[in-house]
Amino acid sequence: MSALHLPETCGVMLLPDCTLFPHGGLPLRIFEPRYRKMLEDSLEGSAFFAVTRLLGEETRNPADCAAEVGTIGLVRASHQQEDGTSQLLLHGVIRVKFTHWHLEKPYPYATIEPLITFFEPEAQAEAAMKTLRGAVEDAIRDMPDEVKQQVMNLIHHGNEPPLLTDIVAQQFVHDPDVRQQILETDSAGKRIGMICEYLRKATGHG
């Protein structure tokens, strides 16, 4: 990710009940004039912008209405329609904290600070990932075999706890509050516990 040269500032899309995780994909239709301008500026520059959860009614200063932690993403496959709107896929790159909001632009724009996930103790990483994969397997046990195989193939791409928690949370955690809580948790170990508990409650298994 360091090779991507993350910008120090970027445009931010405020979306109600929407949380994007690193390594996840978010399809978007850009139609508001301010976000069309944001996308234009992004594509002329680094092709990055961030998304974060809108908390309640939007105000002029996002500091009053937006979650403090979101995800910066890289624009993929952007296609502008004849009416000026755009369809695109935003690929999540890394969690960021919004440290300062700049109000001079027509769209939300912030200084960002990348947030690094940790897992301790490292010697327990394999056991922790086995626990999470087991929770997913249990949650999908009533699904058709073909679907189960596709799911397990997906989560086996996660070869370290931070990556695995993001893959599983992006695909299987649907409660907006829980998603945001997981996003804001910097310990991958704590995330695993949160996700496992969510899966048990959501499926009624265990």
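All of the numbers you see were taken from the coordinates with simple rules; none came from a lab. Quick caveat, the model's predicted, so the values are computed rather than measured. Cβ atoms come from the backbone with ideal geometry, glycine included; neighbour counts cover every protein chain shown.
What to note about this one:
- Set of lysines with alpha-carbon distance to Lys148 below 26 Å, sequence-local pairs under 8 removed: Lys130, Lys190, Lys201
- Estimated [θ] at 222 nm from DSSP helical runs (n ≥ 4, -39500 (n - 2.57)) normalised by residues in the chain, nearest 500: -11000 deg cm²/dmol
- Between Leu55 and Glu120, the C-beta separation translates, for a Förster distance of 30 Å, into a calculated FRET efficiency of about 0.50.
- In percent, rounded to a whole number, the relative contact order of the stretch 72-206 is 20, using alpha-carbon pairs under 8 Å and six or more apart.
- Relative contact order %, the stretch 144-206, counting alpha carbon pairs below 8 Å whose residues are six or more apart: 27
- Summing charges over all other residues whose Cβ lies under 15 Å from the Cβ of Ile30, with Lys and Arg as +1 and Asp and Glu as -1, gives -1.
- By the count of neighbouring beta-carbon atoms within 10 Å, fewest first, Leu54, Leu103 end up ordered Leu103, Leu54.
- Given charges at beta-carbon only (K, R positive; D, E negative), |dipole| of the stretch 1-106 in Debye: 260
- Taking 0.36 nm per residue of sequence separation and removing the Cα-Cα distance, the Lys105/Ala202 pair yields an extension gain of 30.8 nm.
- Net dipole in debye of the chain [+1 Lys, Arg Cβ; -1 Asp, Glu Cβ; about Cα centre; nearest 20]: 140
- Calculated FRET value between Asp177 and Cys65, using beta carbons and R₀ = 25 Å, to 0.05: 0.95
- Whether the stretch 122-203 is rounded, prolate or oblate, judged on the alpha carbon gyration tensor where a/c under 1.5 counts as rounded: oblate
- Counting Lys and Arg as +1 and Asp and Glu as -1 over every other residue whose Cβ lies under 14 Å from the Cβ of Cys10, the net charge comes to -1.
- The Leu89 and Glu32 beta-carbon pair, evaluated with R₀ = 25 Å, returns a calculated FRET efficiency of approximately 0.85.
- Cα long-axis angle, helix 145-155 against the chain (0 to 90 degrees, to the nearest 10): 60
- Here's the list of aspartates and glutamates a cross-link from Lys105 could span, going by alpha-carbon distance under 15 Å and ignoring same-chain residues fewer than 8 apart: Glu32, Glu40, Asp41.
- Listed values [x] 16.7, 52; [y] 18.8, 60; [z] 17.9, 55, entry calculated as Rg and Dmax of the Cα atoms in Å: [z]
- When only alpha carbons are used to place a centre, the stretch 31-90 and the stretch 147-176 end up 25 Å from one another.
- Charge context of Gln80, other residues only, Cβ under 10 angstrom, K/R +1, D/E -1: -2
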